[in-house]
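To keep things clear, I will list the structure first and then write my remarks on it.
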Amino acid sequence: MKKIILSFLVFFSTSLFANENKMQVFKPLTSTCPASWYEEMKNITKDVEVITLRDVKAIKRDVGVPYELQSCNTSFLNDFVFEGNVPLAAIKDYLANPVKNSIGLALPAYENDKDRKKVFVIFEDKTYEEFGMY
């Protein structure tokens, strides 16, 4: 994970992960992600920063989000990555007990419109498996 952080520090002039409890959400200009999700994340941390970029594909690739799991935004909190609009309950479950050798969670774009959403855990080696239904 330290390599990922160093990669971003070089890539961006702003310092990522400077504040342990700050969530940074990177979204593309074309994102249609609901503002309500950003507000919901304030139940985890009061400090949620939304950063709009022309393209976030390089970020997804650099941190190791598998193509099949990619969605609208990519967020970082406490050295973990959260791809897409991962449900609040899933993030809370994950933060309470992070999966060994994982980098975070993903909610693929194709899960967004479902009532029960399948959330995946992403591992350091860019593999993934189901984390749970939320």
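Read-outs: derived from the displayed coordinates by stated rules, not from any lab. Small disclaimer: the values here were computed from a predicted structure and weren't measured.
Using Cα pairs under 8 angstrom and six or more residues apart, how large is the relative contact order of the stretch 13-134, in percent? Could the numbers behind the result be given before it?
Details: 223 pairs, mean separation 26.9, N = 122.
With pairs under 8 Å counted, the relative contact order is 22 percent.
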In Å, descending, principal axis extents of the Cα set of the chain = 39, 31, 27
Please tell me the relative contact order of the stretch 54-106 in percent, rounded to the nearest whole number, where contacts are Cα pairs under 8 Å and at least six residues apart.
-> 30
Candidates Val25, Val99, Val81, ranked by Gaussian network fluctuation over the chain, Cα under 10 Å, top entry = Val99
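State whether the stretch 39-90 is rounded, prolate or oblate according to the following rule on the C-alpha gyration tensor (a ≥ b ≥ c being the square roots of its eigenvalues): a/c under 1.5 gives rounded; otherwise a/b larger than b/c gives prolate, and the remaining case gives oblate. Could you put the intermediate results ahead of the total?
Numbers: a/c = 1.93, a/b = 1.51, b/c = 1.28.
Prolate.
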